[in-house]
1. Nearest 20 debye, what's the magnitude of the dipole of region 109-329 about its Cα centre given +1 on Lys and Arg Cβ and -1 on Asp and Glu Cβ?
2. Based only on Cα atoms, what Rg/Rh ratio does region 188-278 have, Rh being taken as Kirkwood's radius?
3. Relative contact order (percent) for region 109-329, with alpha-carbon contacts under 8 angstrom and 6 or more residues of separation?
4. Distance in nm between label sites at V158 and S193, each 7 Å beyond Cα in the beta-carbon direction?
5. Search the structure for amide H atoms under 5 Å from the amide H of L256, placed 1.01 Å from N in the peptide plane, and list their residues when 5 or more places away or on another chain.
6. Multiplying the sequence separation of V221 and Y302 by 0.36 nm and subtracting their Cα-Cα distance, what value in nm do you get?
7. Beyond a 29 Å Cα-Cα separation, which of these cross-linked pairs lie in this structure: K50/K162; K225/K310; K111/K310; K51/K162; K225/K318?
8. If you wrap a convex hull around the C-alpha atoms of region 265-320 and split its volume per residue, what is the figure in Å³?
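FYI, it's all coordinate maths here, none of it is from the lab. Quantities reported herein were computed from a predicted structural model and do not represent experimental measurements. Neighbour counts are summed over all protein chains in view; Cβ atoms, including those assigned to glycine, are modelled from backbone coordinates with ideal geometry.
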Amino acid sequence: MTVMATKGERPHIVIQPRDVAVLTTLADCRVATLAQLASLHFADRREAAKKRLRGLTIAGYVARRPLPHLRFAAFVLTQRGLATADVGADSPSRRSGTLGSPVRHAIGPLKVRHDLEVGTVRGAIIGDAESRRDLQIVDLCTRPERLAFEARGRDGRVARVKPDGYVHWHDAGTKDGTGHRRCFIEVDRSTESLGVLVDRAARYAEYYRTGGFAVRMGALVADFKRHPFRVLIVCQTAERRNNLAEWLARSGSAYLGQVWVTTVNDCERGFFGPVWVTPRDYRDAVRGTPYDLDRAARIGAYRTDPERQKLVEERIAKRELADGPDRAE
């Protein structure tokens with residue numbers, strides 16, 4: 001690494017293609033840890049990542065932000081780094097013109113945690129895609145501002161939805177032969193009630209049924225069935241995943257196939273692999289058991305039920321993302 005400076009000037013380094021990729025990741029994710037950047041761009045070589053990031057920091061392309069509440073530091077993009085990523089990055093975000101927003105430094109602890117979780121999911125997508133010969137990422141975006149849309153919820157009110165991410169990939173080995181998959185991503189940190197998540201799922205279903213997504217894809221409203229998508233929700237624990245799947249299954253048929261849920265740990269083990277559960281899968285897994293959804297919903301204070309968790313894990317059939325179809329039903 002070459003770092004050069006004359007008196008009174010900011011140190012200068014020769015920007016390499018990998019640097020542009022690092023800057024583009026920070027533009028898309030807003031904040032990332034050393035471990036995340038090392039995994040994405042330095043083949044998990046932390047010392048190499050640390051050395052290069054130090055040079056980019058000295059040269060003013062990135063800034064190191066201490067996170068006392070998390071007991072470590074993370075990296076954010078500076079205006080100089082943003083300009084470099086915008087000019088030099090051949091990325092989905094660059095092609096979509098999404099890198100022009102101001103660099104965000106003033107974000108609170110909860111938002112930082114959430115952004116780091118989104119970065120973890122982004123890394124899982126890229127890492128698993130690179131290990132699969134027939135799979136190619138067409139578009140990957142974690143910029144909520146670009147992805148936002150408006151749709152009605154269960155109460156009939158229109159509200160703005162800002163997805164955590166969106167991924168479009170092509171898989172030559174897709175089982176139903178279509179090849180292309182488009183999914184919105186929500187990373188759940190268990191800070192919102194299940195009712196809020198179900199209402200958001202209702203807005204996604206409405207976005208599909210009313211042709212909003214079809215129009216976004218350049219098609220006519222009447223052609224909405226030709227432009228399906230999934231909603232992938234990544235939960236913190238299997239218990240939260242099961243609770244959400246149950247709520248969705250009890251809330252109506254519109255969510256049985258369009259919404260897929262998993263956990264952060266399963267996501268990291270193989271994003272495109274058999275780690276996903278639909279509300280229908282959960283319903284089928286508990287059918288004929290004390291947890292059958294035909295029984296009345298539990299009332300009173302919620303209590304963890306280890307027996308339910310064990311039963312679901314033993315009986316539920318997890319899906320790969322190559323499985324179809326991709327529509328609200």
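1. Details: 39 positive and 34 negative charges, 102 e Å.
That gives region 109-329 a dipole magnitude of about 500 debye.
2. Numbers: Rg = 14.0 Å, Rh = 13.9 Å.
That ratio equals 1.01.
3. On the way: 375 pairs, mean separation 41.0, N = 221.
Relative contact order, region 109-329: 19 percent.
4. Those two pseudo-labels are separated by 2.6 nm.
5. Distant-sequence amide H within range of L256: E329.
6. Values: separation 81, 0.36 × 81 = 29.16 nm, distance 4.20 nm.
The V221-Y302 span can extend by a further 25.0 nm.
7. Working: K50/K162 33 Å; K225/K310 37 Å; K111/K310 33 Å; K51/K162 35 Å; K225/K318 25 Å.
Checking Cα-Cα distances, K50/K162; K225/K310; K111/K310; K51/K162 exceed 29 Å.
8. Numbers: hull volume 5.5 nm³, N = 56.
Taking the convex hull of the Cα positions in region 265-320, it is 98 Å³ per residue.
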